[in-house]
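Before any comments, here is the structure.
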Amino acid sequence: MMRTARALLPLLVLPVLLTGCDADKEDGAAADSADLDAAARGWGVAPELVYVTKVSGFTVFPESVGVYGDDEFVAAYRSDKSAAKFGLFVDRNTLTAENCAKQPMVEGSHERVTCEHDGDAWYRKTGDHHEYAVPVDGVVIRLSADMDKVNRATLRKAAEAAHRPDDAELAALLPATNGAGI
């Protein structure tokens, strides 16, 4: 009996660790800057590049969170019910009518990119890949997926919902073994 209780203790504590330690903070408030700075340093990215999104039916895959390329932030979201997934990428860049089609969607790709202005964002596509790109505060947030896996409406919702993480969202980005220290 004692061995079972000892084995279950980490499973009981895990939800507390994943939801963060500051239960008195207001829901939806931005994550504590020290916590965000520490997490970003661990991923090898600048804190201002860390964004999250929320789309019904999709969950962030913590093992995917980190640096992409030299200093771009990346997080993958996967469907709760299928093999569908999309990526959230954030980098220091600008996106305008003049340069939208010139910027490749996939690193190293030379495929033609088409751009369509859609509200505050750009809907971009090439071949079988599409994305929403949202320029904000000196960065571009890209929500990207295969066309046959994730539809345009889902990517648009992800783009509209992109924001800086609060404490609970920051904790969800961290693998369970790393969440205890943040």
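Any read-out appearing in this document is the output of simple, stated calculations on the displayed coordinates, not a laboratory observation. These numbers come from a predicted model, not from an experiment. Glycine gets a Cβ as well: all are built from the backbone with ideal geometry, and neighbour counts include every protein chain shown.
Label separation (ALA34 vs ASP148): 5.1 nm, computed from points 7 Å beyond Cα along the C-beta direction.
The phi-based Karplus calculation (6.51 cos²θ - 1.76 cosθ + 1.60; θ = phi - 60°) puts the 3J(HN,Hα) values of region 153-162 at 4, 5, 4, 5, 4, 5, 5, 5, 8, 5 Hz, whole numbers, x for Gly and Pro.
Sort HIS110, HIS163, HIS129, HIS117 so that the residue with the fewest other Cβ atoms within 10 Å of its own Cβ comes first and the one with the most comes last.
HIS110, HIS117, HIS163, HIS129
Couplings 3J(HN,Hα) of region 90-106, computed from phi: 9, 9, 7, 6, 10, 9, 10, 4, 6, 10, 4, 6, 7, 8, x, 7, 10 Hz, in residue order, whole Hz [Karplus 6.51 cos²θ - 1.76 cosθ + 1.60, θ = phi - 60°; x for Gly and Pro]. Excluding same-chain neighbours fewer than eight residues apart, the lysines reachable from LYS81 by a Cα-Cα span under 26 Å are LYS54, LYS125, LYS149, LYS157. Annotation: amide H-H contacts under 5 Å for VAL65 (H modelled 1.01 Å from N, sequence separation of 5 or more, or interchain): ALA76.
Couplings 3J(HN,Hα) for region 132-148, derived from phi with the Karplus relation 6.51 cos²θ - 1.76 cosθ + 1.60 (θ = phi - 60°), are 10, 10, 10, x, 7, 6, x, 10, 10, 9, 10, 10, 10, 7, 6, 4, 7 Hz, where x marks Gly and Pro. Close amide H partners of VAL136, meaning residues 5 or more places away or on another chain with modelled amide H under 5 Å apart, are ILE141. Between amide H atoms placed 1.01 Å from N, distances below 5 Å from PHE58 occur with ASP80, all of them 5 or more places distant or on a separate chain. Computed extension length for ARG78-PHE61: 5.4 nm, one decimal, from 0.36 nm per residue of separation with the Cα-Cα distance subtracted.
Ranking ASP137, ASP166 by Cβ neighbours within 10 Å, fewest first, what do you get?
Working: ASP137 7, ASP166 20.
Fewest-to-most ranking of ASP137, ASP166: ASP137, ASP166.
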